[in-house]
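Peer 1: One structure coming up, written as structure tokens, with questions to follow.
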Amino acid sequence: MSKIALCPRCKTEMRYVTEVGRSNGSKQVFRYYYCPACSLRLLDESFRVTIDGEAVVIRFSQGSRRPIVVGR
């Protein structure tokens with residue numbers, strides 16, 4: 001059984017989106033749920049990868065708001 005995420009605002013099926021970008025020498029990855037009906041974005045998780053000298057620093061954060069997940 002596949003599962004879908006419903007928008008908590010309008011109950012429309014949400015899409016799972018990944019965006020990658022660069023900022024100040026670091027790479028950022030954002031993964032979020034997006035509602036095509038009302039444009040609500042709910043952050044699922046984000047990563048920031050920075051090279052600091054000889055070390056690679058990875059910062060991870062997870063969103064606190066989640067969509068409603070139901071079975072199909």
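All of the numbers you see were taken from the coordinates with simple rules; none came from a lab. Remember, it's a predicted structure, so these values are computed and weren't measured experimentally. Positions of Cβ are generated from backbone atoms using ideal geometry, with glycine treated the same way; all protein chains shown enter the neighbour counts.
Peer 1: Counting other Cβ atoms within 10 Å, which trypsin sites (Lys or Arg not before Pro) in segment 1-50 have at most 14 and lie in a DSSP loop?
Peer 2: Numbers: sites: K3, R9, K11, R15, R22, K27, R31, R41, R48; in loops: R9, K11.
Here the sparse-neighbourhood loop sites are R9, K11.
Peer 1: Please identify the GluC sites (Glu not before Pro) of segment 4-72 that satisfy two criteria: DSSP loop assignment and at most 15 other Cβ atoms within 10 Å. Which are they? Can you show the working numbers first?
Peer 2: On the way: sites: E13, E19, E45, E54; in loops: E54.
Taking segment 4-72 and a limit of 15 other Cβ atoms within 10 Å, the loop GluC sites (Glu not before Pro) found are E54.
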